[in-house]
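Readers should treat all values here as calculations from the given coordinates under stated rules, not as data from a laboratory. Here the structure is a predicted model, which is why all the values come from computation and not from measurement. Positions of Cβ are generated from backbone atoms using ideal geometry, with glycine treated the same way; all protein chains shown enter the neighbour counts.
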Amino acid sequence: MTAILFIMIGLPLVLFWTSSRAASEKATGLGRTLCQRADVQWLDQSVHQVSLALKRDGRGRLAWRRVYRYEYSHGAEDRYSATITLLGLKAVGWTEPLRRSA
């Protein structure tokens, strides 16, 4: 009985944690790419999840919608933030860093 209860509670938690790590790694890679493309410095080398909700994807299935924030800079004196939105593991929206002005 205890083992069944552990599986019923533990397995969904492990699956959620695994999908959260995969989504975070996906957002990290996209944030790094966006900063390189805009020729800005990616600060802290990480993304931070700021929102989590269940939404329907294009096929009508429930998926986790996660919004991540990352920060970038044009130089040492400024700091800006941008966001990346994932639905499941698919990037569905993002704000690109502003290009460095010449």
Notebook entry, point to check: Where does helix 2-38 land angle-wise versus the long Cα axis of the chain, in degrees 0 to 90, nearest 10?
Noted result: 10
Item checked: the chain - percent relative contact order, Cα under 8 Å, separation 6 or more -> 24
Next item on the list: Return the calculated 222 nm mean residue ellipticity for the chain, to the nearest 500 deg cm²/dmol, obtained by summing -39500 (n - 2.57) across DSSP H runs with n ≥ 4 and dividing by the residue count.
Entry: -13500 deg cm²/dmol
Notebook entry, point to check: Under a GNM of the chain (C-alpha, springs under 10 Å), which listed residue has the highest mean-square fluctuation: V14, V92, V40?
Noted result: V14
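Using the Cβ atoms and a cut-off under 12 Å, what net charge is assigned to the surroundings of E71, where Lys and Arg are +1 and Asp and Glu are -1?
0
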Note to self: Just to be sure I understand the curve: with the Debye formula and one point per C-alpha of region 49-102, what is log10 I(q)/I(0) at q = 0.13, 0.21 Å⁻¹?
What the structure shows: -0.42, -0.76
Note to self: Please rank H74, H48, fewest neighbouring Cβ atoms within 10 Å first, as an exposure proxy.
What the structure shows: H48, H74
